[in-house]
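Only the coordinates and a few stated rules stand behind these numbers; no lab work does. All figures in this text were calculated on a predicted structure; none of them were measured in a lab. Cβ coordinates were reconstructed from backbone atoms using ideal geometry, including for glycine residues, and neighbour counts include every protein chain displayed.
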Amino acid sequence: MENLNLEKIKITCREFFEKMGFDVEIEIKTPQDLTIPVEIKLVEPQILIGRRGETLLEIQHLIKIILKRKIVPDKNFYIDLDINNYKKKKIEYLRQLARSEADEVSLSKKEKILAPMPAYERRIIHLELQGRGDVVTESVGQEPERMVVIKPYP
């Protein structure tokens, strides 16, 4: 990820939020592979996070488009935007949910269907349980109602 001006990325992100009327703290973390982690902190985050994190994902997409146009048109990269550690907390919650539900499936020998969730959340569930020998996971249904099923291992 050399040749990326992280300070320019920070300034562009700040301008984006200021134009929307938000006073935010922005921290650009060290890029990992092709991903640039951008952490935002503000007093009232819910309006920017939205229901189930949907607004956060849309803002992440918009910021990537703006950065691609303004700063790095010839580079392929990803933005990982987090607001007040929402994603970090959500990931930990999903991992805990996966372990807890898998334990229940393992004991009861009955499959468990989780609530519909976006692809990136389902992926967290699958990854958390892939090493277990007592359960298997599968995604079923059509977007946006696609969900994870946790089943006892045959």
Next item on the list: Using Cα centres only, tell me the gap between the stretch 107-125 and the stretch 56-101 in whole Å.
Entry: 21 Å
Margin query: For the chain, what does the convex hull of the Cα positions come to per residue, in cubic angstrom?
Written below: 129 Å³
Notebook entry, point to check: Once Lys and Arg get +1 and Asp and Glu get -1 on their Cβ, which of 86, 28, 98 lies farthest toward the positive end of the dipole of the stretch 1-104?
Noted result: 28
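Please state the charge dipole magnitude for the chain, taken about the Cα centre, from unit charges on C-beta atoms (+1 on K and R, -1 on D and E), reported in debye and rounded to the nearest 20. Don't jump to the answer; show the numbers that get you there.
On the way: 27 positive and 26 negative charges, 36 e Å.
With only Lys, Arg, Asp and Glu charged at Cβ, the dipole is about 180 debye.
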Item checked: Residue exposure sequence - 132, 146 - by fewest surrounding Cβ within 10 Å -> 146, 132
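Please report, ordered by residue number, every helix of the chain (full DSSP H runs) that is 18 Å or longer along its axis going by C-alpha atoms and whose mean Kyte-Doolittle hydropathy reaches 0.5. Don't skip to the end; give the middle numbers.
On the way: long enough: 6-19 (20 Å, -0.46); 54-70 (24 Å, 0.15); 86-108 (32 Å, -1.02).
Length and hydropathy pass: none found.
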Notebook entry, point to check: Can you tell which of 77, 126, 53 lies farthest toward the positive end of the dipole of the chain, using +1 and -1 charges on the Cβ of basic and acidic side chains (Lys, Arg; Asp, Glu)?
Noted result: 126
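Using the Cα centre of the stretch 6-84 as the reference point, and only Cβ charges (+1 on K/R, -1 on D/E), how large is the resulting charge dipole? Debye, rounded to the nearest 20. Write out the running numbers ahead of the final one.
On the way: 13 positive and 14 negative charges, 64 e Å.
For this selection, approximately 300 debye.
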Next item on the list: Quick one: dipole size for the stretch 92-152, taken about the Cα centre, charges +1 on Lys/Arg Cβ and -1 on Asp/Glu Cβ, in debye to the nearest 20.
Entry: 120 debye
